[in-house]
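Trainee: Attaching a single structure in structure tokens format; questions to follow.
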Amino acid sequence: MRAKRKTGLIFFPAYDWEISPTHPERKERLLYTQDQVLEEGLLDIEGIDEFKADLATEHDIQRVHFCVPDVESRITPSHNISAGGCIKAARLVLSGVVERAFALVRPPGHHAMRVVHGSRGFCTINIEAVMVEWIRKNHPGIRRIAIVDTDCHHGDGTQDIYWHDPDVLYISIHQDGRTLYPGSGFPSEYGGPQAPGLTVNIPLPPMTGDEGILWALENAVLPILDDFKPDLVVNSAGQDNHYTDPITNMSFSAQGYARLNELLAPHICVLEGGYSIEGALPYVNTGIILALAGLDYTSIAEPDYGPERLRQDPEVTLYIKRLCEQILLMWRARDSLRPPSRPYFERSKSIYYDTDSIAERQHETIKGCPHCPGAVRIDSAASTGRRILGVHLPRRACEACRSQAYRWYEEPRDTYGAVYLQDMDKDEFLSRYPKAVDPAFKA
Amino acid sequence: MVLGIDVGGTHTDAVCVDKGTVVSSAKTLTGSDLVASISNVIEGLGIDCRKVQRVTLSTTLCTNAIVERKHAPVGMICSAGPGLDPALFAVGPYFKRVSGAIDHRGREFAPIKREEVWDAAQEIRKAGCPGVGVVSKFSVRNPSHEKAVAEIIGGLFDFVCLGHTISGSLNFPRRINSTYLNAAVMPVQERFVKSVGEAMDRMGIRAPLFFLKADGGTYTAEAASRLPVETILSGPAASMMGGIALDGVRSGCAFIVDIGGTTTDIGVVVNGVPLIEPGGVAIDGLKTLVRGMRVTSVGVGGDSVINATGAGGLAIGPVREGLPACLGGPCPTPMDALAVLGAFRADAQAARSALEPGAKEVGMDVFSFSQKVVETMSHRIKDAAESFLADVNAHPVYTIHEMLHPDVLVPDRVILIGGPADLLKDAISRVMGLPVHVPDHAGVANALGAALARTTAQITLHADTEMKRLVCPELGIEQEIPRTMDLEELKALGIRAMAERAASLGLADEFDAQVIEESTFTMVRGFSTVGKNMRVRIQTRPGLIREWEVLP
């Protein structure tokens, strides 16, 4: 047997890392997946190979995040490895060693936003974003990237990081935020003023099955991708839409996941959530690997799989059809979503870090620049007592935005414990600590 | 005194070792009468057979039977349940799929159907197969389906091989291949073991008999008759174990390079023990679960054909066209280059004439051209060794600890064996930038390796305290365990069981059991702990028998 497409697996189960012994994100999580993959002999299939993860560096992480007070205090080596596993996946695909890659790594990342005061939704750093920024730095030919997030939870972290980015399309299919953590991800969240329409949220009702998710894929996601014409497609492959998942309410199956990946044909898959570690993950991952490799997956099934039992309510089907029509209409009319031009746009938001019980208030300013994506200024204060200023100077920034960004960075004398600057074009990440004598800030 | 006998397709070699020295060696042609060949070679040793305390055989007969397709026809009966279609892994002419499914924790979720199994077996029997292999997916977690099938069909066949008895490792397709090959070579092995027994009787040797396995260890005749698949690919193991024995250094990390006529095998030795292929070796293109030495083969040897390709280009191998020109062969070879350089004593004139056209093609004199040949060959070996090492060191790891503290192998010397070893020593040393040791008696390294290798075995334990179940496929253990069992208790239980049932594993020497893999996972369902999932792998420390090791 030979894979139709050469496929690389980066398997890093982190058997010595957990949030706590009984937390869903625990050492045992990928144990049965590894058993299944080994027993099925997937790694012996010609054209499917396993690779060792890279280690993401502090610089790789700074390309995405303002870690407060610094990268070292926020992460553990497990994060360097799981983000490094994603970078390895990208390296393999972009150097042509494989055509598809799957980073089966943990801990996950899609709830981590640009500013990191702590961990939320089991995530500390956004491993896909670290990978995407590594790609843009090292492979400038890859200009347009689409991230399709099929985790059951809205990827609010990835949405936050790419909210203003006109070159990265973020699409999330998830269980409706009115019924599940993190409570966001509605169609009205369609991206910032400089990138309107390039965030696409498709919230599905509880008990959506294979039929509904695949409908959304074929009738909303794929047509949008056809339009956007990305150079690279990434799937945030959470596996918690599964009918056996203990913390969600959907009815997706291993067959559905495999079909989804066959249709979407992502270059890179990154594991996100998925906590039915015995009943779902072994079968879902086997299905995804086969689909990526272009092999027949139709005989993969959970031991208790019964398509009749999982049949979707006709009302759910109807709801999803209408929703997808609206989403597509909105996408096609995305130019009309652009607000009238202004020198600056502002927004405020509250963020809660459930894993670490930290509350944060953010005030964000973006330059309404007609020439480039626009410099961004984030003023963030957390219940830890830490207040920081983060300045993001995007790729292809114009001279005006560049000098604005450096002014923002250099201005503060006090107020902030730390000031950060991300200069994406120069790949330089600066930080300074104006209240140098405040011992509490770095403690 | 101990004997090692290597029965190859062409030659049978024997060596006798006593008190840490090679007492004598002998060589004879392998004839169709194996009893005669083995008796002859022992006779050639000129020793007092009554003093022999141990005899170990290594043979390529099983390998040849597979490669030449001269093995028995065998049928396969497999159950899989959902997952990849087992038809993708069909081996042999009679491959039958039956119902039955077991999951990763060893829980049955579809039963075996008696009539279905019986019908499949009847069909295989009617086709004339004397034996059958039985494999189910996840049988190493729960062998009950394989056992049930064996019970249903037992009377119909001369021999039935069950997948879980061959290896405790996961990998259903490899389990199918290993079981199939094991069944296929059973009659060949049976004849071989019988012939050896007769030869021993004829020579008056009453010592225990052992057979060399692909991992460089040995096992008893009884175990070899049951698990002959382990002897397949013991060829490289024999000469490499011999090289290690003769080398004498038992610490540090070294390349071991065996230069043959057609190919050069390269392995790595750590503290006197060769590196093992983690997943199992491939035999005739079939990937198996058989533990074997991890080696890479590069298609250059002393007799490889040399082609000058113009513009300074030079290709060596992979073809071999018989003997080197300096020994009367048709084509220029590295041995001819060595003859021109004065290292190899043979017909140097013939060597020069054979190399001349190539030298002209690249615009060199014959002497410089010969130097270039040796240089190029050494570089090929170096490149292969380096990429092999990079592969070994690039293996994926699954814990943060291993990721941050990688176990990187850095060989600091080369053990060089095989025909032209002495002649290439300096060139290899210069090109690889490492000291090279060519041990004495390298010509009988294969028989010597067999003579001196210890018996080895490995067991796999899987304990699930929620299900209160322990399975050790290699020892045939399936037992209830207390919910409170922990990893230390499991390891102790494994080591005890290994000692108690050493004979069934083919172990005879004293052995040090060492735990080579251990893990324990707390199983959490909902938000409470329901048990532990523990995995332990124990092996006996491989190496050389005491008779050799205690003396310098």
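The values are calculated or read from the model by the stated rules, or taken from the named source; none is laboratory data. Fair warning: this is a prediction, and the values are worked out from it, not measured in the lab. Here Cβ is always computed from backbone atoms with ideal geometry, including for glycine, and neighbour counts include all displayed protein chains.
Trainee: Yes or no: B:Val160 within 16 Å of B:Gly81 (Cα to Cα), modelled with pLDDT of 95 or more and assigned to a strand (DSSP E or B)? Outline the logic, then answer.
Mentor: Numbers: within 16 Å of B:Gly81 (Cα to Cα): no; modelled with pLDDT of 95 or more: yes; assigned to a strand (DSSP E or B): yes.
Answer is no for this residue.
Trainee: Within the stretch A:401-426, count every residue that is more than 30 Å from the chain's Cα centre (by Cα) and surrounded by 15 or more Cβ atoms within 10 Å (Cβ to Cβ). Explain how you work it out, then say what you get.
Mentor: First, pick out the residues of the stretch A:401-426 that are more than 30 Å from the chain's Cα centre (by Cα): A:403, A:407, A:410-415.
From what's left, surrounded by 15 or more Cβ atoms within 10 Å (Cβ to Cβ): A:412.
The total comes to 1.
Trainee: So, in the stretch B:202-213, how many residues would count as being over 12 Å from B:Ile42 (Cα atoms) and out of contact with any strand residue (DSSP E or B) (no Cβ under 8 Å at 6 or more places or on another chain)?
Mentor: Looking only at that region, the number is 1.
Trainee: In this structure, does B:Leu487 turn out to be within 14 Å of chain A (Cβ to nearest Cβ) and aliphatic (A, V, I, L, M)?
Mentor: Yes, satisfied.
Trainee: When you scan the stretch B:496-533, how many residues do you find that are aliphatic (A, V, I, L, M) and either within 14 Å of another protein chain (Cβ to nearest Cβ) or surrounded by fewer than 17 Cβ atoms within 10 Å (Cβ to Cβ) (or both)? Give the steps one after another, and end with the answer.
Mentor: Kept after step one, since they are aliphatic (A, V, I, L, M), are these residues of the stretch B:496-533: B:497-499, B:502-503, B:505, B:507-508, B:513, B:515-516, B:523-524, B:530.
Okay, now just the ones that are also either within 14 Å of another protein chain (Cβ to nearest Cβ) or surrounded by fewer than 17 Cβ atoms within 10 Å (Cβ to Cβ) (or both), so B:499, B:503, B:515-516, B:523-524, B:530.
Here the count works out to 7.
Trainee: Mind checking whether some residue in the stretch B:122-136 is away from chain A (no Cβ under 14 Å), out of contact with any Leu (no Cβ under 6 Å at 6 or more places or on another chain) and hydroxyl-bearing (Ser, Thr, Tyr)? Can you show your working first?
Mentor: So in the stretch B:122-136, the residues away from chain A (no Cβ under 14 Å) come out as B:122-134.
Of the ones still in play, those that are also out of contact with any Leu (no Cβ under 6 Å at 6 or more places or on another chain) are B:122-124, B:126-133.
From what is left, the residues that are hydroxyl-bearing (Ser, Thr, Tyr) are none.
Checked against the condition, which is being away from chain A (no Cβ under 14 Å), out of contact with any Leu (no Cβ under 6 Å at 6 or more places or on another chain) and hydroxyl-bearing (Ser, Thr, Tyr), the stretch B:122-136 yields no hits at all.
Trainee: Would you check if B:Ala150 is crowded, with 18+ Cβ neighbours inside 10 Å and more than 14 Å from chain A (Cβ to nearest Cβ)?
Mentor: Numbers: crowded, with 18+ Cβ neighbours inside 10 Å: yes; more than 14 Å from chain A (Cβ to nearest Cβ): yes.
It is true that B:Ala150 is crowded, with 18+ Cβ neighbours inside 10 Å and more than 14 Å from chain A (Cβ to nearest Cβ).
Trainee: Considering each residue of the stretch B:465-482, count those that are among the charged types (D, E, K, R), surrounded by fewer than 21 Cβ atoms within 10 Å (Cβ to Cβ) and either under 23 Å from B:Glu146 (Cα atoms) or modelled with pLDDT under 95 (or both), and give that number.
Mentor: Let us first name the residues in the stretch B:465-482 that are among the charged types (D, E, K, R), namely B:466, B:468-469, B:474, B:478, B:480.
Keeping just the survivors that are surrounded by fewer than 21 Cβ atoms within 10 Å (Cβ to Cβ) gives B:466, B:468-469, B:478, B:480.
Then keep just the ones that are either under 23 Å from B:Glu146 (Cα atoms) or modelled with pLDDT under 95 (or both); that gives B:468-469, B:478, B:480.
Qualifying residue count for the region: 4.
Residue by residue, here is whether (1) among the hydroxyl-bearing types (Ser, Thr, Tyr); (2) in a loop (DSSP other than H, G, I, E, B); (3) closer than 24 Å to A:Glu315 by Cβ; (4) over 15 Å from the mean Cα position of the chain (by Cα) holds:
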site: A:Pro166; (1), (2), (3), (4): no, yes, no, yes
site: A:Thr179; (1), (2), (3), (4): yes, yes, yes, yes
site: A:Gly183; (1), (2), (3), (4): no, yes, yes, yes
site: A:Trp215; (1), (2), (3), (4): no, no, yes, yes
site: A:Pro230; (1), (2), (3), (4): no, yes, no, yes
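Trainee: I've got another one for you. Spot the failing condition for A:Ile277; the list is (1) surrounded by fewer than 22 Cβ atoms within 10 Å (Cβ to Cβ); (2) within 14 Å of another protein chain (Cβ to nearest Cβ); (3) not acidic (Asp, Glu), and only one is missed.
Mentor: (1)
Residue-by-condition table, conditions (1) of a type in the set (Gly, Ala, Ser); (2) closer than 29 Å to A:Ala280 by Cα; (3) in a helix (DSSP H, G or I):
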{"site": "B:Glu466", "(1), (2), (3)": "no, yes, no"}
{"site": "B:Leu470", "(1), (2), (3)": "no, yes, no"}
{"site": "B:Met485", "(1), (2), (3)": "no, yes, no"}
{"site": "B:Lys491", "(1), (2), (3)": "no, no, yes"}
{"site": "B:Ile495", "(1), (2), (3)": "no, no, yes"}
{"site": "B:Ser504", "(1), (2), (3)": "yes, no, yes"}
{"site": "B:Gln514", "(1), (2), (3)": "no, no, no"}
{"site": "B:Gly531", "(1), (2), (3)": "yes, yes, no"}
{"site": "B:Met534", "(1), (2), (3)": "no, yes, no"}
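Trainee: Testing B:Val17 on (1) free of Cβ contacts under 8 Å to residues at least 12 places away in the same chain; (2) crowded, with 20+ Cβ neighbours inside 10 Å, one condition comes back false. Which one is that?
Mentor: In the conditions (1) free of Cβ contacts under 8 Å to residues at least 12 places away in the same chain; (2) crowded, with 20+ Cβ neighbours inside 10 Å, B:Val17 misses (1) alone.
Trainee: Moving on to the next point. Of all the helices (runs of 4 or more DSSP H) wholly in the stretch A:29-88, which have at least 3 residues that are within 14 Å of chain B (Cβ to nearest Cβ), at pLDDT 95 or above and in contact with a Leu (Cβ under 8 Å, 6 or more places away or on another chain)? Don't jump to the end; show me each part of the working.
Mentor: Numbers: elements: A:31-40, A:58-62, A:71-74.
Passing ranges, in order: A:31-40.
Trainee: Could you please let me know if B:His462 is within 14 Å of chain A (Cβ to nearest Cβ) and either out of contact with any His (no Cβ under 9 Å at 6 or more places or on another chain) or buried (at least 23 other Cβ atoms within 10 Å of the Cβ) (or both)? Spell out how you get there, then give the answer.
Mentor: Working: within 14 Å of chain A (Cβ to nearest Cβ): yes; either out of contact with any His (no Cβ under 9 Å at 6 or more places or on another chain) or buried (at least 23 other Cβ atoms within 10 Å of the Cβ) (or both): yes.
Judged against the criteria, B:His462 is a match.
Trainee: Now for a different question. Looking at B:Phe109, B:Phe89, can you tell me which residue is hydrophobic (A, V, I, L, M, F, W, C), surrounded by fewer than 20 Cβ atoms within 10 Å (Cβ to Cβ) and within 25 Å of A:Glu39 (Cβ to Cβ)?
Mentor: Working: B:Phe89 fails: surrounded by fewer than 20 Cβ atoms within 10 Å (Cβ to Cβ).
Just a single option satisfies the conditions, and that option is B:Phe109.
Trainee: Can you tell me how many residues in the stretch A:1-14 are surrounded by 18 or more Cβ atoms within 10 Å (Cβ to Cβ) and assigned to a strand (DSSP E or B)? Write out each step before concluding.
Mentor: Step one: filter the stretch A:1-14 for residues surrounded by 18 or more Cβ atoms within 10 Å (Cβ to Cβ), giving A:3, A:6-14.
Cutting the leftovers down to assigned to a strand (DSSP E or B) gives us A:3, A:6-12.
Count: 8.
Trainee: Do the conditions hold for B:Val536, that is, is it away from chain A (no Cβ under 14 Å), under 24 Å from A:Ile277 (Cα atoms) and either at pLDDT below 95 or touching a Gly at 6+ places or on another chain (Cβ under 7 Å) (or both)? Let's see the steps before the verdict.
Mentor: Numbers: away from chain A (no Cβ under 14 Å): yes; under 24 Å from A:Ile277 (Cα atoms): yes; either at pLDDT below 95 or touching a Gly at 6+ places or on another chain (Cβ under 7 Å) (or both): yes.
Yes: the conditions hold for B:Val536.
Trainee: Among the listed residues B:Leu61, B:Leu57, identify the single one that is closer than 23 Å to B:Ala207 by Cβ, crowded, with 21+ Cβ neighbours inside 10 Å and either among the aromatic types (Phe, Trp, Tyr) or at pLDDT 90 or above (or both).
Mentor: Values: B:Leu61 fails: either among the aromatic types (Phe, Trp, Tyr) or at pLDDT 90 or above (or both).
Among B:Leu61, B:Leu57, only B:Leu57 is closer than 23 Å to B:Ala207 by Cβ, crowded, with 21+ Cβ neighbours inside 10 Å and either among the aromatic types (Phe, Trp, Tyr) or at pLDDT 90 or above (or both).
Trainee: Which residue is nearest to A:Tyr243 (Cα to Cα), if the candidates are limited to the stretch A:290-346 and must be aromatic (Phe, Trp, Tyr) and within 14 Å of chain B (Cβ to nearest Cβ)? Spell out how you get there, then give the answer.
Mentor: In the first step, residues of the stretch A:290-346 are kept if they are aromatic (Phe, Trp, Tyr); the result is A:297, A:305, A:319, A:331, A:344-345.
Filter once more, keeping what is within 14 Å of chain B (Cβ to nearest Cβ): A:297, A:305.
Details: A:Tyr297: 19, A:Tyr305: 9 Å.
Across the stretch A:290-346, the extreme among qualifying residues is A:Tyr305.
Trainee: Got a number for residues in the stretch A:96-134 being over 30 Å from A:Leu43 (Cα atoms) and either assigned to a loop (DSSP other than H, G, I, E, B) or not charged (D, E, K, R) (or both)?
Mentor: Filtering the stretch A:96-134 down to residues over 30 Å from A:Leu43 (Cα atoms) leaves A:111-121, A:124.
Filter once more, so that each one left must be either assigned to a loop (DSSP other than H, G, I, E, B) or not charged (D, E, K, R) (or both): A:111-119, A:121, A:124.
So the count comes out to 11.
Trainee: Scan the stretch A:15-56 residue by residue and report those that are surrounded by 23 or more Cβ atoms within 10 Å (Cβ to Cβ), closer than 19 Å to A:Ala101 by Cα and within 22 Å of the chain's Cα centre (by Cα).
Mentor: Residues satisfying the conditions are A:Leu30, A:Thr33, A:Ala53, A:Ala56.
Trainee: Also, quick follow-up: Please specify each residue of the stretch A:375-400 satisfying the condition of being in contact with a helix residue (DSSP H, G or I) (Cβ under 8 Å, 6 or more places away or on another chain), crowded, with 18+ Cβ neighbours inside 10 Å and more than 19 Å from A:Arg63 (Cα to Cα).
Mentor: Across the stretch A:375-400, the qualifying residue is only A:Arg386.
Trainee: For residues that are within 12 Å of chain B (Cβ to nearest Cβ) and of a type in the set (A, V, I, L, M, F, W, C), scanning just the stretch A:230-257, find the one that is surrounded by the most Cβ atoms within 10 Å (Cβ to Cβ). Lay out the reasoning, then the answer.
Mentor: If we filter the stretch A:230-257 for residues that are within 12 Å of chain B (Cβ to nearest Cβ), which is where we start, we get A:244, A:246-247, A:253-255.
Now drop any that are not of a type in the set (A, V, I, L, M, F, W, C), which leaves A:247, A:254.
Details: A:Ile247: 14, A:Ala254: 27.
Out of the qualifying residues, it is A:Ala254.
Trainee: For the stretch B:135-157, name all the residues that are in a loop (DSSP other than H, G, I, E, B) and either free of Cβ contacts under 8 Å to residues at least 40 places away in the same chain or over 16 Å from A:Glu39 (Cβ atoms) (or both). Walk me through how you get there before you give the answer.
Mentor: Taking the stretch B:135-157 and keeping what is in a loop (DSSP other than H, G, I, E, B), we get B:137-143, B:157.
Correct list: B:Phe138, B:Phe157.
Trainee: I would also like to ask the following. Quick one: is A:Arg91 buried (at least 23 other Cβ atoms within 10 Å of the Cβ) and more than 9 Å from chain B (Cβ to nearest Cβ)?
Mentor: Working: buried (at least 23 other Cβ atoms within 10 Å of the Cβ): no; more than 9 Å from chain B (Cβ to nearest Cβ): yes.
Against the criterion (buried (at least 23 other Cβ atoms within 10 Å of the Cβ) and more than 9 Å from chain B (Cβ to nearest Cβ)), A:Arg91 does not qualify.
Trainee: Taking A:Glu272 as meeting all but one of (1) over 30 Å from B:Ser528 (Cβ atoms); (2) among the acidic types (Asp, Glu); (3) away from chain B (no Cβ under 14 Å), write down the number of the exception.
Mentor: In the conditions (1) over 30 Å from B:Ser528 (Cβ atoms); (2) among the acidic types (Asp, Glu); (3) away from chain B (no Cβ under 14 Å), A:Glu272 misses (1) alone.
Trainee: Now, a different point. What's the number of the condition B:Lys96 fails, among (1) in contact with a helix residue (DSSP H, G or I) (Cβ under 6 Å, 6 or more places away or on another chain); (2) surrounded by fewer than 19 Cβ atoms within 10 Å (Cβ to Cβ)?
Mentor: Checking B:Lys96 against (1) in contact with a helix residue (DSSP H, G or I) (Cβ under 6 Å, 6 or more places away or on another chain); (2) surrounded by fewer than 19 Cβ atoms within 10 Å (Cβ to Cβ), the one that fails is (2).
Trainee: I would also like to ask the following. Among the acidic types (Asp, Glu) and assigned to a helix (DSSP H, G or I): which single residue out of A:Glu346, A:Glu308, A:Glu325 fits that description?
Mentor: On the way: A:Glu346 fails: assigned to a helix (DSSP H, G or I); A:Glu308 fails: assigned to a helix (DSSP H, G or I).
Checking each option against the conditions leaves just A:Glu325.
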